[in-house]
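The values are calculated or read from the model by the stated rules, or taken from the named source; none is laboratory data. Quick caveat, the model's predicted, so the values are computed rather than measured. As a convention, Cβ positions derive from the backbone with ideal geometry for all residues, glycine included, and neighbour counts pool all protein chains shown.
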Amino acid sequence: MKNKIKTPICRICSNKITSEDQLVFNKIPLCNSFPSEEVKKPKLHNLKIGACRNCGLVQLTEYPSSELIVPTHSWIRYNEPESHLIEVSNYLNCIFFYLYISSM
């Protein structure tokens, strides 16, 4: 039996989120797993972000299991580089603004 790929559903209004409404970032490091001196081989995951055409919510449409994102040591705190977060946030704002304008 083939695995059927589920169409993502909006978490607010239950509208279907199509592939045209999603951005896919392949093989990015999970939180707390960015390459560093301590982390030679980071855990990778495909990040999928979608925007609902009905209510406008931007949300993850696929996410890793909680076991993958829990730190392996209790003393580890999430510490992504601030410049990385700002860069990703600005990029996503530009992309979704473009998608919004294009759909009008």
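Data overview
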item: Residue match in segment 41-55 (condition: surrounded by 15 or more Cβ atoms within 10 Å (Cβ to Cβ), of a type in the set (S, T, N, Q), in contact (Cβ under 8 Å) with a residue 12 or more places away in the chain and closer than 25 Å to residue 99 by Cβ); result: no
item: Pick from segment 56-78, criterion more than 25 Å from residue 97 (Cα to Cα) and of a type in the set (A, V, I, L, M, F, W, C), ranking: modelled with the lowest pLDDT; result: 76
item: The lone exception for residue 23 - which of (1) outside any helix (DSSP H, G or I); (2) modelled with pLDDT of 80 or more; (3) surrounded by fewer than 14 Cβ atoms within 10 Å (Cβ to Cβ) it fails; result: (3)
